[in-house]
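Reading through the structure tokens given below for one structure.
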Amino acid sequence: MSDAHTYPPVDTVSRSFTVRAVVTGALLGGLLSVCNVYSGLKIGWGFNMSITAVLLSFGFWGLMRKLVGTQPWTLLENNVNQVGASAAASISSAGLVSAVPALTILDGYQFTWPALAIWVFMCSSLGVFVAVLFSRQLIFVDKLPFASGVATARTLTEMYSQGREASVRVWALIAAGIGAATWKLAGTWLALKPSGLGWLSVGASDSGALKKSGVASVSAHNLGFAFDPSLLMVGAGSIIGLRSGISMLAGAIISWGFIGTWLLEKGWAKAGDPSAPWVKGIGEWLIWPGVSLLVASSLVSLFAMVPQFVRAFRRRKEVDAAEPVDPHAVPKSWIVAGVAAISVGVVIVGNVLFGMAPWIGLVAVALTSVLAIVALRVSGETNITPVGPMGKVTQLTFAVLDPGNVSTNLMAANVTGGSASQAGEMIHDLKAGALLGASPRHLMLSQLAGVASGALIGSAIYLVIIPDPKSMLMTAEWAAPAVAAWKSVAEVFKHGLSQLPPGATWAMLIAAILGIALALAEKHAPPKARTWVPSASAIGLAALVPANFSISFFLGGVIAVVLGNVAKDWTTRFLIVVASGVIAGESLAGAGQAIWKVISELLVK
């Protein structure tokens with residue numbers, strides 16, 4: 001693989017679409033979906049599990065070959081496995097860490113496992129077909145970068161050309177995962193909690209509510225500033241980079257430090273135990289400006305893509321001239337049949353489960369098809385799929401079409417957000433497959449199998465570890481920032497601004513202006529200056545999670561930069577691998593603990 005835009009013919013000789021490749025991808029992806037459900041509810045972030053799936057399957061089938069003499073695990077089999085695993089792992093973004101718990105919190109709706117699995121399967125599988133529909137335009141004609149797809153293809157190529165290097169990376173991933181899981185379990189056993197910074201404090205104002213309530217000072221620890229023993233957020237910080245890490249730390253200092261102290265002085269948030277963080281009261285107020293900043297910046301970034309949206313449709317006719325008909329391409333009849341079946345499913349299931357009017361379901365699917373091209377272009381150019389903005393546009397649309405209906409607002413938006421996320425995953429996989437000579441048909445079928453596995457396993461895990469979203473989420477243990485964002489937007493559209501806490505309306509306005517300014521600055525700043533523009537999404541997220549989360553993200557970004565300077569070769573080869581292992585290891589251990597806790601409580605009863 002020498003060029004990111006040079007594509008070999010489809011390899012029809014090597015083994016690729018085998019039973020073991022599809023099953024391995026589905027099972028691995030189902031396991032990794034647990035990681036993303038856990039991390040999504042903890043920190044609001046899910047992670048692309050392609051490299052993790054590639055390395056784990058390589059190690060497993062390499063071991064099987066030594067033990068029982070199985071056939072070699074080919075590069076294209078691994079690619080098919082990776083596609084399915086990636087699809088399954090990303091099922092969390094089909095609503096399991098956002099719209100689904102938000103609906104339960106606001107409306108009291110109780111999901112059953114079959115109903116939830118069917119719903120998230122439909123949301124995600126729609127994205128698969130949409131990605132295939134636009135893939136030739138975006139990959140072959142527009143030649144968008146799709147950095148994750150290129151990185152996956154290069155990783156696979158390097159692994160199969162340097163066998164020893166692949167084995168070393170596999171062991172690095174496993175060691176990091178075991179280490180993080182062990183630390184998580186040990187931390188629970190030792191009752192480790194975020195600590196430190198208690199010595200840093202500010203005296204209460206003589207005329208403020210704190211002094212009147214008998215509180216003499218506020219420590220940084222009271223405001224949530226502490227060093228967290230969790231390695232998950234450090235690993236995540238090393239992946240998202242120092243720019244986002246600095247932005248999160250700055251956002252935490254502004255929101256939890258300055259604004260948090262001000263809220264306490266005004267009496268709009270209550271002080272608690274002097275030896276503990278006062279996260280709940282402050283966090284309930286900070287949700288509003290945090291969400292406002294996120295939504296405003298996201299919408300500006302999205303609308304900035306309108307010219308590309310128009311250009312993409314104008315150039316649609318170039319596709320057939322640019323590429324001859326590929327006998328391995330997915331037939332249009334498959335796409336039409338798939339979209340039609342899912343459209344009918346969304347209408348029926350949406351009406352039965354949520355009372356969604358049939359025309360609302362059809363509009364949701366139609367809106368998904370229109371907005372998906374924007375999401376795919378953004379993903380191709382920036383390597384970030386704008387799931388949040390897609391959902392917010394739909395929430396706004398259905399607030400106008402069906403005002404006051406929380407179920408419609410959340411679940412119709414869920415169709416768009418979930419589909420956009422899966423489309424973004426799929427098109428990067430199609431890019432990788434094209435670079436490796438894989439059949440697009442095989443990749444699509446593998447991803448549908450992965451979506452099914454992820455829907456079944458991810459839904460089950462969510463229902464088991466979060467039996468009561470209303471009392472468990474948006475707490476110090478489960479920050480669930482995406483849930484907070486979707487819930488808050490739905491509440492505003494239903495009740496209006498009059499129901500907001502004191503001072504929140506002005507805070508939302510100021511935050512929205514800041515979000516718009518940062519988004520415009522990022523869009524129009526010169527390339528060299530752009531890296532110094534604070535990330536609006538990171539600043540907004542910092543207001544939705546406890547401050548100790550932001551400190552850990554920042555530390556992860558610092559560690560990545562330091563390692564990149566002192567050990568550049570090691571960082572290039574192992575940083576993402578080790579960080580992925582840490583995230584997977586702690587997530588699986590944490591999810592296991594949550595499941596055990598639920599089982600223990602049931603046994604006691």
Item to check | Extension gain, E284 back to A115 (0.36 nm per residue minus Cα-Cα distance, nm) | outcome: 57.8 nm
Checklist outcome for this item: Spelling it out for L223: with amide H atoms placed in the peptide plane at 1.01 Å from N, the residues 5 or more places away or on another chain with amide H under 5 Å from its amide H are W278
Checklist entry - In whole Hz, what ³J(HN,Hα) sequence does region 452-460 give by Karplus (6.51, -1.76, 1.60; θ = phi - 60°), x for Gly and Pro? => result 4, 5, x, 4, 5, 6, x, 5, 4
Item to check | Value of D in µm² per second that Stokes-Einstein yields for region 327-374, Kirkwood Rh from Cα pairs, at 10 °C (1.306 mPa s) | outcome: 136 µm²/s
Item to check | Low-density loop positions, trypsin sites (Lys or Arg not before Pro), region 426-498 - DSSP coil, at most 10 other Cβ in 10 Å | outcome: none
Checklist entry - Can you give the calculated 222 nm mean residue ellipticity of the chain, where each DSSP H run of n ≥ 4 adds -39,500 (n - 2.57) and the sum is split over every residue, rounded to the nearest 500 deg cm²/dmol? => result -24000 deg cm²/dmol
Checklist entry - Over region 21-112, what relative contact order in percent results from Cα pairs under 8 Å that are six or more residues apart? => result 44 percent
Next on the checklist: Pairs of alpha-carbon atoms within less than 8 angstrom and 6+ residues apart define the contacts here; what relative contact order does region 126-277 have, in percent?
Outcome noted: 20 percent
Checklist entry - When ranked by the protection proxy of mean other Cβ atoms within 10 Å per residue, highest first, what sequence do the peptides 416-426, 552-562, 102-112 form? => result 416-426, 552-562, 102-112
Checklist entry - In degrees between 0 and 90, to the nearest 10, how far off the longest principal axis of the chain does helix 75-89 point, with axes built from Cα atoms? => result 30 degrees
Checklist entry - Which cross-chain or sequence-distant (5 or more) residues have an amide H under 5 Å from the amide H of S205, H modelled 1.01 Å from N in plane? => result K211
Checklist outcome for this item: Taking only Cα atoms of region 54-115, the Rg to Rh ratio with Kirkwood Rh works out at 1.28
Next on the checklist: What are the ³J(HN,Hα) couplings of region 127-144, residue after residue, when phi is run through the Karplus curve with 6.51, -1.76, 1.60 and θ = phi - 60°? Round to Hz, x for glycine and proline.
Outcome noted: x, 4, 5, 5, 4, 4, 4, 9, 5, 5, 4, 6, 8, 8, 8, 6, 6, 5
Item to check | Placed amide H near G437: partners under 5 Å, 5+ positions off or other chain | outcome: none
Checklist outcome for this item: Across all Cα atoms of region 504-559, Rg and the largest Cα-Cα distance (Dmax), in Å, are 13.2, 38
Item to check | Net dipole in debye of the chain [+1 Lys, Arg Cβ; -1 Asp, Glu Cβ; about Cα centre; nearest 20] | outcome: 340 debye
Checklist outcome for this item: Shape call for region 394-451, from the Cα gyration tensor axes a ≥ b ≥ c (a/c under 1.5 means rounded, otherwise prolate when a/b beats b/c, else oblate), comes out prolate
Item to check | Nearest 10 degrees, 0 to 90: helix 387-401 Cα axis against the chain principal axis | outcome: 70 degrees
Checklist outcome for this item: The alpha-carbon pair-distance distribution computed for region 1-126, with 5 angstrom bins and whole-percent values, is 2, 11, 16, 18, 17, 13, 10, 8, 4, 2, 1
Checklist entry - For the pair T70 and T6, how long in nm is the line joining their label points, each one 7 Å along Cα→Cβ? => result 3.4 nm
Checklist outcome for this item: Once normalised by the length of the chain, the mean sequence separation of its alpha carbon contacts under 8 Å that are 6 or more apart gives a contact order in percent of 34 percent
Checklist entry - Rounded, prolate or oblate: which fits region 136-223, taking a ≥ b ≥ c as square roots of the Cα gyration tensor eigenvalues, rounded meaning a/c under 1.5, else prolate when a/b beats b/c? => result oblate
Checklist entry - How much space per residue, in cubic angstrom, does the convex hull of the C-alpha atoms of region 437-506 take up? => result 188 Å³
Next on the checklist: Filter K211/K470; K280/K470; K211/K270 down to the pairs with a C-alpha to C-alpha distance above 22 Å, please.
Outcome noted: K211/K470
Checklist entry - What is the calculated FRET efficiency for S14 to V336, with r their C-beta to C-beta distance and R₀ = 45 Å, to the nearest 0.05? => result 0.90
Checklist entry - Seen from all sides and averaged, what is the projected area of the convex hull of the Cα atoms in region 490-605, in nm²? => result 12.6 nm²
Item to check | Taking Y38, Y7 and counting other C-beta atoms within 10 Å, the order from fewest to most | outcome: Y7, Y38
Item to check | chymotrypsin sites (Phe, Trp or Tyr not before Pro) restricted to DSSP loop in region 180-224 with at most 15 other C-beta within 10 Å | outcome: W199
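Laboratory data are not the source of any read-out in this text; all were calculated from the coordinates shown. Worth saying up front: this structure is predicted, and the values here are computed from it rather than measured. We place every Cβ from the backbone using ideal geometry, glycine too, and count neighbours over all the protein chains shown.
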